[in-house]
Amino acid sequence: LWLSFHNEPGQAFYSLFCSGTEFMWQTLSDNLPHCTAFLNSCATVLLVLALVKIRQGRRVAHRNLMFAALATSALFLALYLLHKVALYQVTGEFNKRFPTDPEIAPAAARLVYFAILGTHLVLAITVPFFALRAVYLGVKDRVADHKRLVRYAYPIWMYVSVTGVLVYLMLYQLYPAS
């Protein structure tokens, strides 16, 4: 009797905790993709504005916008990784699969999706390194080196931001699997 008395409240707490945890992971899994797509969109806008400002010769505004883009992208990355953990907790897989049913997504859409995703992933790996190096060069006022790097880094970062939104749209909005 004593063991069952003390075990039941513990079991009730454990059940309550587990259902709350499962709810949390499900909520994160369901909603973080929308947040990360929004952050990617914001980063894209900030990158465009920063380019406009530097072309106008407004270095301080450019710097501030680039720091904002970097912070937005860092928050994106943290939430993206959290989404991977949440999705794994809910489904046992780190990634949501693109639908294979031709009733949901035609074969051509699948090919386009994987072409975009493949280039996006390969280039996304480089962005943090390029961005941090560009910031370092800019802060150290090594303008020639900064310009030489961002000639390649900026279009890559922009491509990754735009294709990140496209991947989201295709996976979660245009062709959502059940």
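Computed values, structure above
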read-out: Restricting region 34-81 to residues that are of a type in the set (Gly, Ala, Ser), buried (at least 19 other Cβ atoms within 10 Å of the Cβ) and under 28 Å from Phe94 (Cβ atoms), the residue that is farthest from the chain's Cα centre (by Cα); value: Ala69
read-out: Some residue of region 50-68 being within 17 Å of Phe130 (Cβ to Cβ), in contact with a Ser or Thr (Cβ under 9 Å, 6 or more places away or on another chain) and assigned to a helix (DSSP H, G or I); value: no
read-out: Of the criteria (1) free of Cβ contacts under 8 Å to residues at least 60 places away in the same chain; (2) under 18 Å from the mean Cα position of the chain (by Cα), which one Ala107 fails; value: (2)
read-out: Output for region 99-151, where each listed residue is out of contact with any Phe, Trp or Tyr (no Cβ under 6 Å at 6 or more places or on another chain) and of a type in the set (Val, Ile, Thr); value: Thr100, Val112, Ile116, Thr119, Val122, Ile125, Thr126, Val135, Val139, Val143, Val150
read-out: Selected residue (only one of Ala153, Ala144 is open to solvent by 60 Å² or more (accessible area, probe 1.4 Å) and either of a type in the set (Gly, Ala, Ser) or modelled with pLDDT under 95 (or both)); value: Ala144
read-out: Region 123-134, residues that are in a helix (DSSP H, G or I) and open to solvent by 40 Å² or more (accessible area, probe 1.4 Å); value: Leu123, Pro128, Phe129, Phe130, Leu132, Arg133
read-out: Residue that is more than 23 Å from Leu32 (Cα to Cα) and either of a type in the set (D, E, K, R) or assigned to a helix (DSSP H, G or I) (or both), where the choices are Gly138, Gly118; value: Gly138
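The values are calculated or read from the model by the stated rules, or taken from the named source; none is laboratory data. What you are looking at is a predicted structure, and each value in this text was computed from that prediction instead of being measured. Cβ sites come from the backbone with ideal geometry, for glycine too, and all protein chains shown count toward neighbours. To get the accessible areas, we keep the full protein, side chains included, count just its heavy atoms, and leave off ligands, DNA and RNA. Shrake-Rupley method; radii C 1.70, N 1.55, O 1.52, S 1.80 Å.
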